[in-house]
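The values are calculated or read from the model by the stated rules, or taken from the named source; none is laboratory data. In this text the structure is predicted, and so the values were computed from the model without any measurement. No Cβ is skipped: glycine too gets one built from the backbone with ideal geometry, and neighbour counts run over all protein chains shown.
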Amino acid sequence: MLKRLLRSPSFLFGFTLFFGTLLLALLGPLVLSLDVEQRVGLAYTAPFPGHWLGTDHMGIDMFSLLLQGLRASLYVGLVAGTVATLLGTLIGLYGGYKGGLVDDLLTSVTNLFLVIPTLIVLILLSASLEEGRSLSLIALLIGCTTWTWTARAVRAQAASLRARDHVALARINGFGTAHIVLLHIMPYLLSYIFMVFILQTASGILAEASISLLGLGPYDSISLGKILNEAVQNEALTDGAWWAFAPATLLITVIAFSLYIINTSMESVFNPRLRR
Amino acid sequence: MSMSAPVLEVERLRVHYLTRFGTRVQAVDDVSFQLNKGEILGIAGESGCGKTTLVSGCMGLFIPPLYHSSGDVRIGGQSIIGMDREQIRRDVLGRKIAMIPQGALNSLNPTRRVKDLATDMIVSHDDRAGKREISERLRERFERIGLDAKRVLDAFPVELPAGTKQRVVIGISTLLNPELVIADEPTSALDVSTQKSVIRLLFDLMDRGIISSMIFITHELPLLRHVSSSIAVMYAGEFVEYGSTEQVIFDAQQPYTRALMGSMLSADAGQRGKKPVAIEGAPPDLKNVIVGCRFAERCPSVRSDCAQHKQELRVVQLRKVRCQYA
Amino acid sequence: MPELKFQARDVSRVFGHGKRAKVAVDRVSFEIRDREIVSLVGQSGCGKTVLSKLLLRIDAPTSGELSFNGQPLAKVSDPRQHFRKVQAVFQDPFSAFNQFFTIRSQLESCFHLFEPKPSKSEIAERVDAALLAVNIKPREIDGKYAFELSGGQMQRMLLARIFIIRPEVLIADEPTSMVDACSRASILDYLMKLKQELAMTIVFVTHDVGLACYVSDTIFIMHQGQIVERGAPERVTGAPESPVTRQLLDDIPDVHRNWLERGERASG
């Protein structure tokens, strides 16, 4: 299976792209000299040698800000993705396996969360936490409001696995719900859960970008969304200072895009029926 | 191409495949038979006996890891060995020979509607047909085979019950009026009433001239009594008995055929209580070269020298039997 | 040992609710006696599998009373108590085992039913003995997973479980339908051996009337969730009362009867 994945051109493309940005984020600060404090020029100076992406509204090197923002956004994406996947998987597994009243209850809860517009909730929650809006808190918030999709998907899979003979065999061996869900249902879903995680990470990154753009992002850190927010606030668009918003937008797009490609290519490898 | 050429002629065909580790498995070993227009040949055998590989061979589908070892396959007098794959796809598949694969119920692409799958079949062989013409053709054919065309064509496979799905598969496979239809275990996962209607459908298609000959593959030998005019019993890559239906069913000469008939459980008053014959063990592993009779280690009437002599097909009581003591 | 193993009174199992409700088992009542072999026979969708799951207690009826050994099933507190006495073998031997664990470990996991759990060496001994009872050399399956064995071997693994657990009742859901003709008879032999050695009651679920006739004391013919006919095999096949039974017998492709009329039959 892994071999087939590695031979898929779209997977390699998406993976390389994502891995590239990850490397940039992790190793960038160690290899390149970044400085988000020092003013190196006037406000919104166009790119010049040594500072290839110019400066922001305070004269700070754009490239350094971008890299810092990349790290923050990736962090939020991955944490939000993890929280959403964990929450969604647990709820989906339990409801899907148990069926009956428990399933109905959990489905109703899921549907409730589904119907509530996530972005608005995020905005409201974010707005009410005036201070202390750290990256981690934002990531947690996003995770706790975007798990619904995962829950539905995993639930459907768990419900179909429930009817399988090997699950019946485990039941007549006297095993309980926890044992069966962990040993007899989860292993069959691991690849699926992994794919779900990838999508959740992508949507986490986009969600963060959205609320930061609206000025409700992290209070004390720089994220890609916040960069965009500052660009809007300081009229970078009208000034034509493309370096203030274009690179950030591009970066967000690239990350989300690469994650989606990875997910799609994994889907065609793990689910060959769709390929015909 | 002469008028009297058999629809399908297989001559000493041998097909092998290579496993992941490079070992050669001779799945079909020296099989010969002939099928004329209007005939139905039944091939009976356990799973793993090579019948599905034989079918791939008959259709010229030697796709690695499956390889043609030796022997000839002629369709309408013309050999298809060595024909290039594109030509086979265009001229042979669907047009001259159609296959209804095993597990056909699951072979329909679940993400596409029936009418799209059917259209694919036509379009891949005939670029010229117009959309309306195709639509009309499909509706007419589906109605003819007893399906509610409007409902079924618009549906997704998963929405249809098993019996309907089987009809859809048969309908799509025979859209181009192939001369020969190879049905690989078409009744396996179905209950008896549905089995009967599927077989009835196949006969109906023959009576209407939509298909003219058929090869029916099954692991249930007794079923062939009502289906085929001749039967070949396959075991470990070879035909072990080949004759008319009457001969093979009611007067089996080869020990394996006898065992297959003996394992039948009948609800008939006269047959009940008859203990079914059990054959322990499993067919030989075709990875190894086998000396002597392949059924020897499981044969209830085995003799001391069976395992030493290679068994050839000989004529016994007007049919071919692979056993020196039959 | 109570005379009646199972007693059912107006048992129904309905799936879904309101307009989309599907009645899988429709107010059935019956009795299954100790050491009796009963076959639930019918076409797909008749409810025989759902009913067998109710007897096995991996599903519960939506109405009616179902008791085992005189005790209502609904009142059983620890499911393991029931499973020690009622076990099953399934139709598809491959899907009956988890593909991620070895066969042996899955055979050993049935000891979860026993309280207290025997020692490791005793477990190993009993698993070996059960394998030998179904003619499999223990070393043959060491470290092997489900997909590495043949269908016939896997089916025997399911039977080995029964030899280990030694239940009072066995529910056999189409145990031979996915097995080759030649192995069919040996599977049936093992089942008969089990019945003799363990004095078991067996409930067969099958669509194969021939098989039902061969093994059973009593046949229940099911159709659309109801038991439309019941009785000894000779009576049911010899003098069927229900049109469903008559149609079923007619549809069997028996070698000796003219099963299917055909307009134009090709000559050989």
Restricted to segment B:160-205, and to residues that are acidic (Asp, Glu) and in contact (Cβ under 8 Å) with a residue 60 or more places away in the chain, which residue is nearest to residue B:99 (Cα to Cα)?
B:184
Scan segment A:60-72 and give yes if some residue there is buried (at least 17 other Cβ atoms within 10 Å of the Cβ) and not in a helix (DSSP H, G or I), otherwise no.
yes
Select from segment A:134-160 the residues that are buried (at least 21 other Cβ atoms within 10 Å of the Cβ) and either facing chain C (nearest Cβ under 10 Å) or within 30 Å of residue C:105 (Cα to Cα) (or both) and list them in ascending order.
A:154, A:155, A:158
Here is a check on your reading of the model: is residue C:76 modelled with pLDDT under 90 and aliphatic (A, V, I, L, M)?
yes
Among strands (runs of 3 or more DSSP E) entirely inside segment C:153-249, those with 3 or more residues being surrounded by fewer than 23 Cβ atoms within 10 Å (Cβ to Cβ) and touching a residue at least 60 places away in the same chain (Cβ under 8 Å) are none
Tell me which residues, restricted to segment B:141-159, are assigned to a loop (DSSP other than H, G, I, E, B), touching a residue at least 24 places away in the same chain (Cβ under 8 Å) and closer than 20 Å to residue B:195 by Cα.
B:145, B:146, B:147
If you take the residues of segment C:13-28 that are surrounded by fewer than 19 Cβ atoms within 10 Å (Cβ to Cβ) and either among the acidic types (Asp, Glu) or in contact (Cβ under 8 Å) with a residue 40 or more places away in the chain (or both), which of them is farthest from residue C:230 (Cα to Cα)?
C:14
Does segment B:6-23 contain at least one residue that is aromatic (Phe, Trp, Tyr) and farther than 26 Å from residue B:312 by Cα?
yes
Helices (runs of 4 or more DSSP H) within segment B:192-297 that include 2 or more residues aliphatic (A, V, I, L, M) and more than 8 Å from chain C (Cβ to nearest Cβ):
B:192-207
Looking at C:59, C:92, which is the one that is part of a loop (DSSP other than H, G, I, E, B), at pLDDT 90 or above and either β-branched (Val, Ile, Thr) or touching a helix residue (DSSP H, G or I) at 6+ places or on another chain (Cβ under 7 Å) (or both)?
C:59
Name the residue that is modelled with the highest pLDDT, counting only residues in segment C:195-222 that are among the hydroxyl-bearing types (Ser, Thr, Tyr) and out of contact with any Asp or Glu (no Cβ under 7 Å at 6 or more places or on another chain).
C:216
When residues of segment B:195-247 are limited to those that are among the hydroxyl-bearing types (Ser, Thr, Tyr) and farther than 30 Å from residue B:292 by Cα, the one modelled with the lowest pLDDT:
B:197
Residue B:134 touching a residue at least 24 places away in the same chain (Cβ under 8 Å) and surrounded by 15 or more Cβ atoms within 10 Å (Cβ to Cβ)
no
Taking residue C:173 as the residue in question, decide whether it is at pLDDT 85 or above and within 11 Å of another protein chain (Cβ to nearest Cβ).
yes
Any residue at all in segment B:308-325 that is at the interface with chain C (Cβ under 8 Å from one of its Cβ atoms) and either surrounded by 17 or more Cβ atoms within 10 Å (Cβ to Cβ) or among the charged types (D, E, K, R) (or both)?
no
For residue B:9, indicate whether it is among the acidic types (Asp, Glu), in contact with a Cys (Cβ under 8 Å, 6 or more places away or on another chain) and either assigned to a loop (DSSP other than H, G, I, E, B) or touching a residue at least 24 places away in the same chain (Cβ under 8 Å) (or both).
no
Entirely in segment A:155-247, the helices (runs of 4 or more DSSP H) that have 1 or more residues that are more than 30 Å from residue C:56 (Cβ to Cβ), charged (D, E, K, R) and within 16 Å of the chain's Cα centre (by Cα)
A:186-213
Tally, over segment C:65-82, of residues that are within 19 Å of the chain's Cα centre (by Cα) and in contact (Cβ under 8 Å) with a residue 60 or more places away in the chain:
4
Breaking point among (1) under 30 Å from residue A:53 (Cα atoms); (2) within 14 Å of chain C (Cβ to nearest Cβ); (3) not β-branched (Val, Ile, Thr), for residue A:215
(2)
If the requirement is being under 25 Å from residue C:255 (Cα atoms) and at pLDDT below 80, which of these qualifies: B:267, B:282?
B:267
Which of the residues belonging to segment C:33-56 are crowded, with 22+ Cβ neighbours inside 10 Å, within 14 Å of chain B (Cβ to nearest Cβ) and not in a loop (DSSP other than H, G, I, E, B)?
C:39, C:40, C:41, C:48
Condition check for residue C:185: more than 11 Å from chain B (Cβ to nearest Cβ), out of contact with any helix residue (DSSP H, G or I) (no Cβ under 6 Å at 6 or more places or on another chain) and not hydroxyl-bearing (Ser, Thr, Tyr):
no
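Listed here are the residues, each with its yes/no results for (1) closer than 22 Å to residue B:100 by Cβ; (2) among the aromatic types (Phe, Trp, Tyr).
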residue	(1), (2)
B:8	yes, no
B:16	no, no
B:28	yes, no
B:33	yes, yes
B:38	yes, no
B:48	yes, no
B:51	yes, no
B:58	yes, no
Quick check on segment B:166-182. Is at least one of its residues part of a helix (DSSP H, G or I), among the polar types (S, T, N, Q) and surrounded by 17 or more Cβ atoms within 10 Å (Cβ to Cβ)?
yes
Any idea how many residues of segment B:282-297 are surrounded by 19 or more Cβ atoms within 10 Å (Cβ to Cβ) and closer than 20 Å to residue B:242 by Cα?
5
Test of understanding: among B:96, B:115, which residue is surrounded by 18 or more Cβ atoms within 10 Å (Cβ to Cβ) and either over 28 Å from residue B:160 (Cβ atoms) or of a type outside the set (Lys, Arg) (or both)?
B:96
Exactly one of these conditions fails for residue B:67: (1) crowded, with 18+ Cβ neighbours inside 10 Å; (2) hydroxyl-bearing (Ser, Thr, Tyr); (3) assigned to a strand (DSSP E or B). Give me its number.
(1)
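Residue by residue, here is whether (1) assigned to a loop (DSSP other than H, G, I, E, B); (2) away from chain A (no Cβ under 12 Å); (3) crowded, with 17+ Cβ neighbours inside 10 Å holds:
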site	(1), (2), (3)
C:66	no, yes, yes
C:77	yes, yes, no
C:84	no, no, yes
C:88	no, no, yes
C:100	yes, no, no
C:105	no, no, no
